[in-house]
1. From the phi of every residue in the range 25-35, what ³J(HN,Hα) in whole Hz does the Karplus formula 6.51 cos²θ - 1.76 cosθ + 1.60 yield, where θ is phi - 60° and glycine or proline is x?
2. Past 27 Å, Cα to Cα: identify those pairs from Lys89/Lys110; Lys110/Lys142; Lys89/Lys148; Lys99/Lys142; Lys120/Lys148, in the order given.
3. Express in nm, to one decimal, how much length is gained between Arg26 and Lys55 on full extension, taking 0.36 nm for each residue of separation and deducting their alpha carbon distance.
4. Enumerate by residue number the trypsin sites (Lys or Arg not before Pro) in the range 27-68 meeting two conditions: DSSP loop (anything except H, G, I, E, B), and at most 12 other Cβ atoms within 10 Å of the site's Cβ.
5. Can you compute 3J(HN,Hα) from phi for each residue in the range 95-105, using the Karplus curve 6.51 cos²θ - 1.76 cosθ + 1.60 with θ = phi - 60°, rounded to whole Hz and x for Gly and Pro?
6. Using the Karplus curve 6.51 cos²θ - 1.76 cosθ + 1.60 with θ = phi - 60°, work out ³J(HN,Hα) for each residue of the range 64-70 in order, rounded to whole Hz, and write x for Gly and Pro.
Amino acid sequence: MFYSCQKKENYLDNEKNNVKVYISKRNLVFPDTIYVDSLYFGFIDYGDDFDQYTKKVNQDDEISRMIDFNYTLDTILYNNDFDLEQQVKFRSPAFNVNKIELDPISIGEKGVVYIQGFIKDLVIFDTIKNHSYDIPLDGLEKKYFIRKKIVVIESNG
């Protein structure tokens with residue numbers, strides 16, 4: 001994985017056709033190997049073409065956006081969304097459109113654990129001024145599956 005201090009544009013311009021192509025990103029940043037009973041912090045470096053609608057999250061505007069990561073820490077690999085949705089134990093809402101911070105993680109025994117879950121990205125378009133909340137509004141939703149294998153080892157100290 002390559003990290004850079006330079007700001008990277010998420011759009012590629014095709015000048016010939018005047019088309020912008022969005023490069024989405026969903027990178028779970030967390031150590032591959034951790035120590036038993038130690039506390040670790042992680043986050044998801046996130047970007048999606050929904051960024052073109054709004055760069056704000058959790059605000060009641062004409063265009064509202066909510067992003068969260070629903071996940072589990074488990075020794076079992078889940079192969080489909082249905083099985084995984086039944087096992088979700090944690091939810092981390094995004095407070096920044098391009099970074100979803102996970103709750104601190106500590107594992108109590110050595111072995112292999114998987115952080116696995118899905119990002120839900122929802123955009124709602126308020127096309128009715130002064131609407132009542134019982135009227136459904138137009139919106140778009142995307143869901144992305146993420147998994148990372150973590151090896152938990154005993155500390156030497």
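Every read-out reported here was derived from the displayed coordinates using simple, explicitly stated rules and does not represent laboratory data. Please read all numbers here as calculations on a predicted model, not as lab measurements. So basically every Cβ, Gly included, is an ideal-geometry build from the backbone, and we count neighbours across all protein chains shown.
1. 9, 8, 10, 7, 9, 7, x, 6, 10, 9, 9
2. Values: Lys89/Lys110 20 Å; Lys110/Lys142 35 Å; Lys89/Lys148 16 Å; Lys99/Lys142 16 Å; Lys120/Lys148 17 Å.
Correct reply: Lys110/Lys142.
3. Extra length from Arg26 to Lys55 when fully extended: 8.8 nm.
4. Details: sites: Lys55, Lys56, Arg65; in loops: Lys55, Lys56.
The qualifying sites are Lys55, Lys56.
5. Residue by residue, the range 95-105 yields 10, 9, 5, 10, 8, 10, 7, 7, 5, x, 10 Hz.
6. 9, 9, 10, 10, 8, 10, 9
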